[in-house]
Amino acid sequence: MKTAVIETQSGRLDKVLTKVFPEYSRSQIQQLLEAGNILVNGAQKKGKYKVKQGDKVTLEEPELKTLALEPEKIQLDIVYEDEDVIVVNKPQGMVVHPAPGHEAHTLVNALLYHCPLSTINGTLRPGIVHRIDKDTSGLLMVAKNDQAHQSLAKQLKEKTNLREYLALVHGQIKEDEGTINAPLGRSPKDRKKQAVIANGRPAVTHFKVLKRYQHYTLISCRLETGRTHQIRVHLKYIGHPLAGDPLYGPKKTLKGHGQFLHAAKLGFTHPRTGEFLTFEAKLPEIFTKQLEDLDKNEQIQ
């Protein structure tokens, strides 16, 4: 049980509570309010309740739910596999590993059914060396044993591997190519978002224009670092948010199943043989159809 007395804060209860209990997001606070886990002066209140000085808030923490990781028979698009590594083309809409709200039907559930994985990342993220967002499609390298995992993780840290994405963004990018070097961290305004902040972690994205349309630009992006939502935040930062992005894009955008972002190329040094391997994955159908539509209706005259 946690208790707090409102002293100087004012405004909506759900918003104030994210400052009083910063370990919880606003959506989590709303869920706790609806479940009756948060009381104000001993009574249940809605999120829109206007707090008053002297209000006493009690928060009863819910019991932690233990996530059980179960192998699931889900079809995988396997690009490459041997005794050490497996390269998978993840479909848009699939979560990489289990987390609260996404306990099953993840890539890890499917991989565990298919093959053994490394144990370095513990029970919920076995084999996972790097991630891509749920609504981003494309290539992921996964370690099947601990030795391979250590090698692949070291390559990521030393920036010797290759990760290249195709992205469709709003607006015409004037430069043919460029580099975005801007530190990233959790947004102080919205805990669900990342943002460019002064004391953030270093983040570098290189981009190259592939094709310009009247209102959009198709680019390739090469990651030097791999921060959460890096490409999505960096491109919004320079005024060209990803088309279809529900979190960082404008309200009026292209319809799809999330951002038009695809991990198209992946390269790494094989942990056992020392050979540098490169893999490519074609754009998903929804992405190619969108480009075909732009070719018909958005060509620059």
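The values are calculated or read from the model by the stated rules, or taken from the named source; none is laboratory data. Please read these numbers as outputs of a predicted model, since none were measured by experiment. Because the Cβ atoms are built from the backbone with ideal geometry, glycine has one as well, and the counts that use them run over all protein chains shown.
Summed over the stretch 134-175, residues that are part of a loop (DSSP other than H, G, I, E, B) and either more than 22 Å from G256 (Cβ to Cβ) or outside the structural domain of L242 (by TED's automatic domain parsing) (or both) total 7.
Only residues that are crowded, with 16+ Cβ neighbours inside 10 Å and in a strand (DSSP E or B) were counted in the stretch 270-283, giving 2.
Here G171 meets the list (1) in contact with a His (Cβ under 7 Å, 6 or more places away or on another chain); (2) at pLDDT 95 or above; (3) more than 16 Å from T225 (Cα to Cα); (4) surrounded by 21 or more Cβ atoms within 10 Å (Cβ to Cβ) almost entirely, failing just condition (4). Does Q214 meet the test of being touching a residue at least 24 places away in the same chain (Cβ under 8 Å), assigned by TED's automatic domain parsing to the domain that holds Q155, in contact with a strand residue (DSSP E or B) (Cβ under 6 Å, 6 or more places away or on another chain) and more than 30 Å from Y80 (Cβ to Cβ)? The answer is no for Q214. Just one of the numbered conditions (1) at pLDDT 95 or above; (2) closer than 20 Å to G185 by Cα; (3) under 18 Å from the mean Cα position of the chain (by Cα) is not true of G226: (1). Restricting the stretch 150-168 to residues that are in contact (Cβ under 8 Å) with a residue 12 or more places away in the chain and surrounded by fewer than 14 Cβ atoms within 10 Å (Cβ to Cβ), the residue that is farthest from F276 (Cα to Cα) is K159. The residue that is nearest to the chain's Cα centre (by Cα), counting only those in the stretch 86-126 that are among the β-branched types (V, I, T) and assigned to a strand (DSSP E or B), is V88. Beta carbons closer than 9 Å, at least 6 apart along the sequence or on distinct chains, pair a first residue in the stretch 6-27 that is under 16 Å from K56 (Cβ atoms) with a second that is at pLDDT below 80 and among the aliphatic types (A, V, I, L, M) for L17/A4; V20/A4; F21/A4. Within the stretch 115-149, the residues that satisfy the criterion of being on the phi > 0 side of the Ramachandran plot and either crowded, with 20+ Cβ neighbours inside 10 Å or touching a residue at least 60 places away in the same chain (Cβ under 8 Å) (or both) are G127, G138.
Number of residues in the stretch 182-200 that are out of contact with any helix residue (DSSP H, G or I) (no Cβ under 7 Å at 6 or more places or on another chain) and β-branched (V, I, T) equals 1.
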